[in-house]
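Novice: A single structure is presented below for examination.
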Amino acid sequence: MAQDPNCIFCKIVAGTIPCFKLYEDAKTLAFLDINPANPGHALVIPKNHAPNLVASADDDLAAVLATTRRVAAAIEHALKPYGFNLLQANGPGAAQSVMHFHMHIIPRVQGDDLKMNWGLKPGDKAALAEMAKRIKVV
Ligand code: AMP
Ligand code: ZN
């Protein structure tokens, strides 16, 4: 497993820092974004470290997309969002803040007028814990 000891998402994969986990398999991990743009905002990452899309291996990307589908289905079931967007940032110019490839799943709320650079506002920890229980990934 490719790991970067200074990478926060590699630390989540290793279990040395906690997350509000939604799903895990051999190649991927899904958890709630700690600064949710909207309730249920989730991230899907490959367990192998790669900084961005271009540096990622095809099999990791395929696994991330399959997990993204599973998690999105669970979010649709649990939250009945107005819709959801997938978003994936590459490079600081695209507002990438964590240099470990990740896919955002952002549930939409009618009228949220969400912009691409939504700004990071810490989520309420109790609400995140409750949300992680509501989204049951099968
Ligand atoms: P990006 O800005 O596209 O690189 O997205 C990185 C995302 O990771 C941001 O939305 C952050 O809120 C999120 N994030 C950073 N640290 C953590 C963490 N420890 N647990 C969950 N999400 C995190
Ligand atoms: Zn990493």
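Novice: Restricting attention to the stretch 80-90, report how many residues are open to solvent by 70 Å² or more (accessible area, probe 1.4 Å) and touching a residue at least 24 places away in the same chain (Cβ under 8 Å). Can you show your working first?
Specialist: So the first thing to find is which residues in the stretch 80-90 are open to solvent by 70 Å² or more (accessible area, probe 1.4 Å), and the list is 80, 82, 84, 86.
With touching a residue at least 24 places away in the same chain (Cβ under 8 Å) added as a condition, the list becomes 82, 84.
Here the count works out to 2.
Novice: Might you check whether a residue that is within 11 Å of ligand 1 (Cβ to nearest atom), open to solvent by less than 50 Å² (accessible area, probe 1.4 Å) and in a loop (DSSP other than H, G, I, E, B) occurs anywhere in the stretch 121-130?
Specialist: Yes, the stretch 121-130 contains a residue that is within 11 Å of ligand 1 (Cβ to nearest atom), open to solvent by less than 50 Å² (accessible area, probe 1.4 Å) and in a loop (DSSP other than H, G, I, E, B).
Novice: Next up: Go through the stretch 1-47 and count every residue that is within 18 Å of residue 68 (Cα to Cα), touching a Cys at 6+ places or on another chain (Cβ under 9 Å) and in a loop (DSSP other than H, G, I, E, B).
Specialist: Qualifying residue count, the stretch 1-47: 2.
Novice: Does the stretch 105-116 contain any residue that is under 20 Å from residue 12 (Cβ atoms) and modelled with pLDDT of 95 or more?
Specialist: yes
Novice: With the checklist (1) of a type outside the set (Asp, Glu); (2) in contact with a helix residue (DSSP H, G or I) (Cβ under 7 Å, 6 or more places away or on another chain); (3) more than 22 Å from residue 5 (Cα to Cα) in hand, flag the one item residue 48 doesn't pass.
Specialist: (3)
Novice: Quickly run through the stretch 1-29 and pick out the residues that are within 15 Å of ligand 2 (Cβ to nearest atom) and hydrophobic (A, V, I, L, M, F, W, C).
Specialist: Across the stretch 1-29, the qualifying residues are 1, 2, 7, 8, 9, 10, 12, 13, 14, 17, 19, 29.
Novice: Pick from 55, 66: which is within 15 Å of ligand 2 (Cβ to nearest atom) and surrounded by fewer than 18 Cβ atoms within 10 Å (Cβ to Cβ)?
Specialist: Just one listed residue meets the conditions, 55.
Novice: Looking at the stretch 91-110, which of the residues that are touching a Ser or Thr at 6+ places or on another chain (Cβ under 7 Å) and outside any loop (DSSP other than H, G, I, E, B) is most open to solvent (accessible area, probe 1.4 Å)?
Specialist: In this case the residue turns out to be 103.
Novice: Taking the conditions exactly as written (surrounded by 13 or more Cβ atoms within 10 Å (Cβ to Cβ), free of Cβ contacts under 8 Å to residues at least 24 places away in the same chain and not polar (S, T, N, Q)), does residue 76 satisfy them or not?
Specialist: yes
Novice: For residue 4, only one of the following conditions fails: (1) in contact with a Pro (Cβ under 9 Å, 6 or more places away or on another chain); (2) within 14 Å of ligand 1 (Cβ to nearest atom); (3) among the acidic types (Asp, Glu). What is its number?
Specialist: Checking residue 4 against (1) in contact with a Pro (Cβ under 9 Å, 6 or more places away or on another chain); (2) within 14 Å of ligand 1 (Cβ to nearest atom); (3) among the acidic types (Asp, Glu), the one that fails is (2).
The values are calculated or read from the model by the stated rules, or taken from the named source; none is laboratory data. Source: prediction; values computed, not measured. Cβ coordinates were reconstructed from backbone atoms using ideal geometry, including for glycine residues, and neighbour counts include every protein chain displayed. Ligands, DNA and RNA are excluded from the accessible area calculation, which covers all protein heavy atoms including side chains. Shrake-Rupley method; radii C 1.70, N 1.55, O 1.52, S 1.80 Å.
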